[in-house]
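S.K.: Just dropping this structure here.
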Amino acid sequence: MQAGPTGWRRAWTGGAGRSRLRSSGDEAAPAAQHQGSAAADESQAEQGRGAGCGGGRDAREDQGPLAGLMSLAEPPTSVSASTDLVGVGALHAAHALGIPVPGRLSVVGFDDILIAAHTVPALTTLRMPIVEIVGHGVAQAVALTRDPSVGREPSLAVFKLPLIVRDSTAPPPAR
């Protein structure tokens with residue numbers, strides 16, 4: 001599944017850990033897990049609005065995907081968002097639905113943008129190591145400039161993403 005405006009639909013569920021990945025847009029997932037949320041996501045995506053990420057005209061329009069997930073027989077204990085903005089939308093939808101975060105649902109974003117630390121509750125997120133990524137790119141560019149014979153084959157660089165734990169996550173509730 002491609003990460004995008006509806007990326008926060010991915011949820012790890014399970015009693016002791018958040019181990020099973022569920023996605024309402026995953027064709028391999030049984031139709032019973034969808035409960036209509038895939039159609040709602042699809043409709044919102046076609047209209048250019050991100051499901052659950054503040055793309056709707058008001059809060060009622062942004063609750064559909066999370067409401068669908070939370071109405072499952074085994075609702076997720078957490079959602080992982082493709083970006084912090086989508087995570088903020090998930091926090092907002094949870095609040096509008098009366099779902100306590102992190103009491104009943106944990107939410108994690110990705111990017112560590114400024115607003116992530118200022119949401120209520122503050123959003124747990126993975127921080128992009130921008131300085132390291134840019135430094136690596138500049139070093140490669142300088143190396144190519146100094147020695148044009150250096151190989152130009154694609155390469156892979158792996159960077160550690162620090163987890164910034166804030167108030168939007170907690171151990172899963174007992175079932």
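S.K.: Are any residues in the stretch 116-175 within 25 Å of residue 86 (Cβ to Cβ) and of a type in the set (Asp, Glu), and if so, which ones?
M.R.: Of everything in the stretch 116-175, those that are within 25 Å of residue 86 (Cβ to Cβ) and of a type in the set (Asp, Glu) turn out to be 132, 167.
S.K.: Also, quick follow-up: Can you tell me which residues in the stretch 126-175 are of a type in the set (Gly, Ala, Ser), at pLDDT 95 or above and more than 20 Å from residue 102 (Cα to Cα)?
M.R.: Once the filter is applied, which keeps residues that are of a type in the set (Gly, Ala, Ser), at pLDDT 95 or above and more than 20 Å from residue 102 (Cα to Cα), the stretch 126-175 yields only 135.
S.K.: I need every pair where a residue in the stretch 161-175 that is touching a residue at least 24 places away in the same chain (Cβ under 8 Å) and among the acidic types (Asp, Glu) has its Cβ under 8 Å from the Cβ of a residue that is assigned to a strand (DSSP E or B) and surrounded by 12 or more Cβ atoms within 10 Å (Cβ to Cβ), sequence separation at least 6 or different chains.
M.R.: What qualifies is 167/124.
S.K.: Continuing with this model, one more query. List every residue pair whose Cβ atoms sit under 7 Å apart, with the two residues 6 or more apart in sequence or on different chains, where the first one lies in the stretch 128-147 and is over 14 Å from residue 159 (Cβ atoms) and the second, anywhere, is assigned to a loop (DSSP other than H, G, I, E, B).
M.R.: Close Cβ pairs (under 7 Å, with a partner that is assigned to a loop (DSSP other than H, G, I, E, B)) amount to 143/150; 144/150.
S.K.: Here is a list of conditions, (1) at pLDDT 55 or above; (2) outside any helix (DSSP H, G or I); (3) more than 15 Å from residue 166 (Cα to Cα), and residue 15 meets all of them except one; can you say which number that is?
M.R.: (1)
The values are calculated or read from the model by the stated rules, or taken from the named source; none is laboratory data. Since we're looking at a predicted model, the values are computed, not measured. Here Cβ is always computed from backbone atoms with ideal geometry, including for glycine, and neighbour counts include all displayed protein chains.
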